[in-house]
Amino acid sequence: MTRLPQTLLINPTITSRSSARFPLSLLHLAAALDQSGNSTIIDGNVDRDVIGATMHAMEQNAFDAVGISVMGGPQIAPSIDVSKAIRERYPAIPIIWGGYFPTLYTDTALVAPYVDYAIRGQAEESLPELIAALTGPAVPDLAKIGSLSWKHDGVVMHNPNRRFTLGDSGLVLPYDKLGDPRRYLARTFLGRRTVAHQAAIGCRFRCTFCGVAAMFGGTTVLPAVARLERDLRYLKYELGADSVQFFDHNFFDREQDMIPLLEVMAKLEMPWWCYARSDALLGLSESTWKLVRKSRLRMAYIGAESPSGQMLKEIRKGTRPDQTLEVAELCRRNGVIPEMSFMVAPPENTEEETELTFEFIRDLKRINPESEIIVYIYTPLPESSKHEKDRNKRPGMALLDLNGEPVVFPKTPEEWMEPRWVDYACHADAPWLTDKLRRRILDFVTVLRCRFPTVQDLRSPPWTKRSLSAMASWRYRQRRYDRPWELNLANRLVRLRMPQVSGL
Ligand code: B12
């Protein structure tokens, strides 16, 4: 009997155990691999000793390859650690990196001696093909595998991108591979047992700052209605989920295509959260909004980005600031909380743009006080990390640090581990930020989040939120954001949740 290929898939730790959600990337890959082999998943968000768990799994099983999911930011260090540990103990086992980091920084990932292959973008087809090639009897013909990057005599080869698909095996994802999948259901503001799910993939927009555009190059594929219904029914009736957080890159697509999907969700009535765009929501007809209300959409994460129409044009956002304000009002009328994210401190007009954004946020809060606000630092992607269709088409201005020197992006995974680059990847800091502006942004965010505590915080009792809000109100009213020492002190005791860190 021929032996089926065995693959070990690892999601290195990126978040706390209580914030762990289904590692969807690995579940999708496991479903694809299991059609012609076997796979095992280690989820570092639940199994905190990833290296120990990996070594244990490798002692028990003769794996043919290990696949590691790597996102830029805090997941880089544990990805390096586990890759090095595997290389040291099992030097012959191929190590494959996939996910956002190797897709955006392919050459950087492959510089590492502990990364043999990188698969760019979606890998449901490429990964099983690679595993088959590595375990087959013939000398592997790697050049044929779409979206694969590999090393040939020390030179990095990039095979052409493959098209995106949303195949349907007719089965739900192999959740049982995670042990008891119910431990991934979490209490959130949406419900007592919120589940993470991805229905569609990709995004048809090509915003220059967004990792999703770099990954999908402006393509989107919606799920078949039957598939969505089958998946949600399983999650609701088999696993007991009562609410859903959609990890779709952008949930609302063309209205006529969304109606049948919304009808399924209206039938299942599970409160939900998703990514959306202001233009798409503003374009929905009244009858579709009725369906949206029936389906119990609770919150929509909308990239507002900037109050400047000019900047929105430059980053190819495709929406306008007036639409941001309008959608805040529309959401209010429909009982949906808009979660608006902004990018402050851009490399040009850094201070001016930041102050304008603060004022714009105040306008938004006036229109819809329930709007949740997330403030990120604008950290553009390096040109080389953009999708090949967009590279060098609209090169942004040269990025300069505080000394006027060009910003040089890391060339190795180890450099991306440095705290300043982890902050860059997390949109938390940039080389052109002065201490004064960094402080000012932090102070503004402190006053804002105390004045309007997030509904996503279930930890702090309502009275503490009310007290914080009362304490912060004079500062907010009078725009006295600077050095809010009393709020910082109170916050240390209350520890309000910060969606920009613990959210998505
Ligand atoms: C869930 C999620 C998280 C989870 C972690 C998930 C995990 N690994 O356990 C949490 C909440 C912790 C998280 C954190 C962060 N995230 Co996040 N996250 C997401 C989200 C919403 C969904 C990812 C997902 O599950 N997708 C579904 C699966 C099926 O798709 P996938 O992951 O892309 O996997 C496919 C391919 O990538 C590939 N693949 C993936 N892994 C592997 C492994 C192998 C071996 C292979 C071959 C292929 C492969 O194949 C998969 C199947 O096709 C995405 C946005 C989105 N909608 O995708 C952002 C996203 C990935 N996050 C992003 C970022 C930047 C972050 C942060 C680092 C920063 C931030 N401020 O948001 C933070 C860290 C915060 C902090 N301070 O600690 C960016 C990445 C962009 C970039 N420039 O790198 C995204 C795209 C959001 C965005 N639009 O900016 N995130």
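Taking the options THR446, THR354, name whichever one is among the polar types (S, T, N, Q), in contact (Cβ under 8 Å) with a residue 60 or more places away in the chain and assigned to a helix (DSSP H, G or I).
Values: THR446 fails: in contact (Cβ under 8 Å) with a residue 60 or more places away in the chain.
Criteria check complete, one pass: THR354.
Being free of Cβ contacts under 8 Å to residues at least 40 places away in the same chain and either over 28 Å from PHE409 (Cβ atoms) or within 8 Å of the ligand (Cβ to nearest atom) (or both): is that true of ALA92 here?
Numbers: free of Cβ contacts under 8 Å to residues at least 40 places away in the same chain: yes; either over 28 Å from PHE409 (Cβ atoms) or within 8 Å of the ligand (Cβ to nearest atom) (or both): yes.
It is true that ALA92 is free of Cβ contacts under 8 Å to residues at least 40 places away in the same chain and either over 28 Å from PHE409 (Cβ atoms) or within 8 Å of the ligand (Cβ to nearest atom) (or both).
Out of VAL46, VAL82, I need the residue that is in contact (Cβ under 8 Å) with a residue 60 or more places away in the chain, part of a helix (DSSP H, G or I) and closer than 26 Å to ASP423 by Cα. Which one?
Values: VAL46 fails: part of a helix (DSSP H, G or I).
Matching residue, one of VAL46, VAL82: VAL82.
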Inspect the stretch 20-38 for any residue being surrounded by fewer than 18 Cβ atoms within 10 Å (Cβ to Cβ), in a strand (DSSP E or B) and more than 8 Å from the ligand (Cβ to nearest atom) and give the result as yes or no.
yes
Number of the exception - VAL336 against (1) over 14 Å from ILE441 (Cα atoms); (2) touching a helix residue (DSSP H, G or I) at 6+ places or on another chain (Cβ under 9 Å); (3) of a type in the set (A, V, I, L, M); (4) touching a residue at least 60 places away in the same chain (Cβ under 8 Å):
(4)
How many of the residues in the stretch 450-470 are assigned to a helix (DSSP H, G or I) and either of a type in the set (A, V, I, L, M, F, W, C) or touching a helix residue (DSSP H, G or I) at 6+ places or on another chain (Cβ under 7 Å) (or both)?
7
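Could you please find all residues in the stretch 87-120 being of a type in the set (Phe, Trp, Tyr) and in a strand (DSSP E or B)? Let's see the steps before the verdict.
Start the filter on the stretch 87-120 by keeping residues that are of a type in the set (Phe, Trp, Tyr), which leaves 90, 97, 100-101, 105, 114, 117.
Selection gives TRP97, TYR117.
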Keeping to the stretch 374-395, report how many residues are under 20 Å from LEU442 (Cα atoms) and buried (at least 21 other Cβ atoms within 10 Å of the Cβ).
5
Quick test for you: out of ALA241, ALA276, ALA224, pick the one residue that is more than 14 Å from the ligand (Cβ to nearest atom), in the same structural domain as ARG316 (by TED's automatic domain parsing) and in contact with a strand residue (DSSP E or B) (Cβ under 9 Å, 6 or more places away or on another chain).
ALA241
Checking GLY218, GLY146, GLY211, GLY167 in turn, the sole residue that is at pLDDT 90 or above and among the small types (Gly, Ala, Ser) turns out to be GLY146
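Given the options GLY98, GLY52, GLY73, name the one that is surrounded by fewer than 21 Cβ atoms within 10 Å (Cβ to Cβ) and within 12 Å of the ligand (Cβ to nearest atom).
Values: GLY98 fails: surrounded by fewer than 21 Cβ atoms within 10 Å (Cβ to Cβ); GLY52 fails: within 12 Å of the ligand (Cβ to nearest atom).
Among GLY98, GLY52, GLY73, only GLY73 is surrounded by fewer than 21 Cβ atoms within 10 Å (Cβ to Cβ) and within 12 Å of the ligand (Cβ to nearest atom).
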Give me the residue from the stretch 396-438 that is under 23 Å from GLY98 (Cβ atoms) and of a type in the set (Phe, Trp, Tyr) and, out of that set, surrounded by the fewest Cβ atoms within 10 Å (Cβ to Cβ).
PHE409
Of everything in the stretch 313-347, what is among the aliphatic types (A, V, I, L, M), at pLDDT 95 or above and closer than 14 Å to ARG277 by Cβ? Give them in sequence order.
VAL327, ALA328, LEU330, VAL336, MET340
Pair list, Cβ < 9 Å and 6+ apart or interchain, from the stretch 1-18 residues that are touching a residue at least 12 places away in the same chain (Cβ under 8 Å) and under 12 Å from ILE42 (Cβ atoms) to residues that are basic (Lys, Arg) and within 14 Å of the ligand (Cβ to nearest atom):
THR13/ARG48
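The values are calculated or read from the model by the stated rules, or taken from the named source; none is laboratory data. Nothing here was measured: the structure is a model prediction, and the numbers come from that model. Neighbour counts run over all protein chains shown; Cβ positions are idealised from the backbone, glycine included.
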